[in-house]
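Quick note: the coordinates plus some simple rules give every number you see, no bench work behind them. Note that the structure is predicted; figures quoted are calculated from it, not measured. Neighbour counts run over all protein chains shown; Cβ positions are idealised from the backbone, glycine included.
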Amino acid sequence: MIWRRHFRLALFYLRLVGVAAVSSMLIALFAAHGALPAAFSVLPQSGAGIEPARRLFEAGNYSPAIVALKNLVAQNASNAEAHFWLGRAYYESKNLSDAVAEGERSIALDPKNSNYHRWLGEYYGEQADRESSFSLARKVKKEFEDAVRLDGSNIDARRDLEEFNLQAPWIVGGSKDAAREQADAIAAIDPIEGHLARAEYDLQVLKKSDLAANEYREVLEAHPGKIEPYLEVADVYRQSNRPAEMEPALQGAERVKPSDPRISFYRAVQHILANDQVSSAEPLLKSYIANTPDRSDWPSHAAARYWLGRAYEEEGKRQEAAEQYRAALQLDSRFKEASSRLQALEKNAK
């Protein structure tokens, strides 16, 4: 298509002549061909605030969001919020080095913003995982600790700090006692989030699945008004291959926000794990891939491809399954489960 070819060229010119010039060029070029993509029809122009760029980001239109945010930064290099959202957009676009750079700039401009520190910790965490770096792991903890220190009510930051302390070795600052302290602090702020935090501690430290199950039961019986606690419980039972226990959580999610596309993902996984109505998983997963942005805080498209491969395997469609595992690995080359299942299929095909 014409607009796709010109879009690739425009990205090249972007590096040469700057954001502001290219954003105007894009709109003129696409309009001339009568093929202006919806995302670019709302590309913020000079003088626009941060909200149009945020809407692009929330819709998963990361490339035009980056163009818009770079335009804002070009107009005002001291705009900490623009640097922060530019970092978020780079992160979702899998451009980790630029995400880190923009996250660091946002904090240099606004060092007391708890959320900026929390997200820089996320970026450092991804870097540390890729590079197996102890020094980066220590940076992760520092950013999460700063986020909590600056805003003790930032539950997301406290959950991140708890998870770091649970998973990191002591040599980079991991501490099971510190993790428990965060779980208790979270419970004092929000009982539902406290149950979730304590359940994670029960599973990872105490290895007591019965205690964790009690915490999850408390979550569901509290009838949260938002969907995230239900999906967290469903995901825990997905990981432990317990499709029956996913059901109350998914029912709660459907009651609170029935249109949320993540429900379709978890319903599909539930069918596959239970080996029940597996054929219904295929349209659910294809719809999820087609109609949602690939974002770090939702089930990934790589995961959806993997589960689609699992569904095809259950149905005896080995070639189709292999294609989905390859697609998952193209999206996430470190997806171990997809790699092992693809290897098994290829070995058996010889």
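Mind ordering 106-119, 327-340 by average Cβ neighbours within 10 Å, highest first?
Details: 106-119: 19.4, 327-340: 16.1.
Descending packing order for the listed peptides: 106-119, 327-340.
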HN-Hα J couplings of region 305-317 from phi, Karplus 6.51/-1.76/1.60, θ = phi - 60°, integer Hz, Gly and Pro as x?
5, 4, 5, 5, x, 4, 4, 5, 4, 4, 8, x, 8
Using per-residue counts of other Cβ atoms within 10 Å, averaged over each peptide, order 167-177, 152-162 from highest down.
152-162, 167-177
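How much net charge surrounds A244 when only other residues with a Cβ under 13 Å from its Cβ are counted (Lys, Arg +1; Asp, Glu -1)?
Values: positive: R238, R242; negative: E245, E247, D276.
With Lys, Arg at +1 and Asp, Glu at -1, the net is -1.
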In terms of the Cα gyration tensor, with a ≥ b ≥ c the square roots of its eigenvalues, is the chain rounded because a/c is under 1.5, prolate because a/b exceeds b/c, or oblate?
oblate
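Counting helices only, and only those DSSP H runs with n ≥ 4, report the 222 nm mean residue ellipticity of the chain as the sum of -39,500 (n - 2.57) divided by its residues, in deg cm²/dmol to the nearest 500. All intermediate terms of the calculation are to be shown ahead of the outcome.
Numbers: 20 runs with 262 residues, N = 350.
Helix contribution divided over all residues of the chain: -24000 deg cm²/dmol.
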Given axes a ≥ b ≥ c from the Cα gyration tensor, I'd like to know whether region 193-350 is rounded (a/c under 1.5), prolate (a/b larger than b/c) or oblate.
prolate
Taking the highest mean first, how do the peptides 212-221, 300-309, 124-133 order by number of other beta carbon atoms within 10 angstrom per residue?
300-309, 212-221, 124-133
Selection from S279, L342, V269, by position along the positive dipole direction of region 261-350 (Cβ)
L342
Rounded to the nearest Å, the spacing of the alpha-carbon centers of region 189-267 and region 270-288 is 20 Å
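For the chain, give the magnitude of the charge dipole about the Cα centre (Cβ charges: +1 Lys/Arg, -1 Asp/Glu; no others), in debye to the nearest 20.
On the way: 45 positive and 50 negative charges, 271 e Å.
For the chain, the charge dipole is close to 1300 debye.
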Under the Karplus relation with 6.51, -1.76 and 1.60 and θ = phi - 60°, whole-Hz ³J(HN,Hα) for region 166-175, x at Gly and Pro, equal 6, 9, 7, x, 4, 5, 10, x, x, 7
With unit charges on the beta carbon (Lys/Arg positive, Asp/Glu negative), name the residue among P191, A327, A108 whose Cα is farthest towards the positive pole of the charge dipole of the chain.
A327
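Would you please classify the overall shape of region 141-242 from the alpha carbon gyration tensor, given that a ≥ b ≥ c denote the square roots of the eigenvalues, rounded means a/c under 1.5, and beyond that prolate means a/b larger than b/c while oblate covers the rest? Before the final figure, lay out each step's value.
Values: a/c = 2.03, a/b = 1.32, b/c = 1.53.
Oblate shape, in that a/c is at least 1.5 and b/c is the bigger or equal ratio.
Treat every Asp and Glu Cβ in region 261-350 as -1 and every Lys and Arg Cβ as +1, leave all other atoms uncharged, and give the resulting dipole magnitude about the Cα centre to the nearest 20 debye.
On the way: 14 positive and 12 negative charges, 43 e Å.
It works out to roughly 200 debye.
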